[in-house]
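The values are calculated or read from the model by the stated rules, or taken from the named source; none is laboratory data. Source: prediction; values computed, not measured. Methodologically, a virtual Cβ is constructed for each residue, glycine included, from the backbone with ideal geometry; neighbour enumeration extends over all protein chains shown. The accessibility values were calculated without ligands, DNA or RNA, using every heavy atom of the protein model including side chains. Shrake-Rupley method; radii C 1.70, N 1.55, O 1.52, S 1.80 Å.
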Amino acid sequence: AYVVGIRGDITVQPHDAHPTAPAWCGTGRRPRPRYRQPPVTVAERAAAAGRDTFSEVTWREGSRGPMTSRFLTVRVRPAGVRSRRLAQAAAVARHGRWDGVLPEVRLLAEWPDGHDKPTRFWLSDLPDDTPIADLVRLAKIRWRIEHDYRELKDGLGLDHFEGRSYLGWHRHVTLTALAQAFCTLLRLDPKVPAPA
């Protein structure tokens, strides 16, 4: 399962679009199923829904108060050559053939106040019953990942390895990861006294 940030120029098909193939004349290759309508960018798809369809979501408490913006989720099918090739490779690996149908995912779009169009976009394959607040929280968790990585590098010495063997590097990374886990457990323990 994933929630991944994407650019606004990535193209998608509507979730109810299905590929069709023209009739085979009996000679030559059989025609492949294709989507007949042109794809639209995620920015166009989100903007076409209208600002009124976006709902306000608060995903966490920041240093200056609650972090809030307006979000929308819609079902789409990623389009484009790269998406089609990835879907085809996954289908062939799983079923031995591909029927031409692109996978259905959720598009999460953010339209902050003060902007004239949506600004940030994510794709997710989480189930439809996942609340929009959870989707937004997962999409916006990047700050936590960057904080942990900075703590690993600067505070615990992940980038201080100067050995020449894979085994030594593996041991170093394992020990810094364990130290990070220990620090996280200490930070989450409610009985640990707060620093002065």
task = Return the label of the correct value of Rg and Dmax of the Cα atoms in Å, as calculated from the structure shown, out of (1) 19.5, 64; (2) 20.4, 63; (3) 22.8, 82.
result = (3)
task = Per DSSP H run of at least 4 residues, take -39500 (n - 2.57); add these up for the chain, divide by its residues and hand me the 222 nm value, nearest 500 deg cm²/dmol.
result = -10000 deg cm²/dmol
remark   = To the nearest Å², the heavy-atom accessible area per residue of the chain with 1.4 Å probe amounts to 70 Å²
key: Electrostatic dipole magnitude of the chain [Cβ: Lys, Arg +1; Asp, Glu -1; Cα centre; debye, to 20]   = 920 debye
remark   = Here the net charge surrounding VAL105, from other residues whose Cβ is less than 9 Å away from its Cβ (Lys, Arg +1; Asp, Glu -1), is +1
query = What trypsin sites (Lys or Arg not before Pro) does segment 28-74 have in DSSP loop regions with at most 16 other beta carbons within 10 Å?
reply = ARG29, ARG36, ARG64
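Given charges of +1 on the Cβ of Lys and Arg and -1 on the Cβ of Asp and Glu, with all other atoms neutral, how large is the dipole of segment 1-115 about its Cα centre, in debye to the nearest 20?
That gives a dipole near 780 debye.
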query = What order do you get for 37-43, 117-123 when each peptide is scored by the mean count of other beta carbon atoms within 10 Å, highest first?
reply = 117-123, 37-43
inquiry  = Can you give the local net charge around PHE54? Use residues other than it whose beta-carbon is closer than 11 angstrom to its beta-carbon, Lys and Arg +1, Asp and Glu -1.
reply    = -2
Accessible carbon and sulfur surface of segment 100-156 relative to its total accessible area, %, 1.4 Å = 53 percent
key: Point-to-point label distance, ASP125-CYS25, nm (Cα→Cβ direction, 7 Å offset)   = 3.9 nm
note = Most fluctuating of TYR35, TYR166, TYR149 in the GNM of the chain (C-alpha, under 10 Å) is TYR166
remark   = Full extension between ARG64 and ALA179 adds, at 0.36 nm per residue less the Cα distance, a length in nm of 38.3 nm
request  = Taking the Cβ of ALA181 as the centre, find all other residues whose Cβ is under 14 Å away and add up their charges (Lys, Arg: +1; Asp, Glu: -1).
outcome  = -2
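Work out, step by step, the length gained on full extension between HIS147 and ARG85: first 0.36 nm times the residue separation, then minus their alpha carbon distance; give nm to one decimal.
18.9 nm is the gain from fully extending HIS147 to ARG85.
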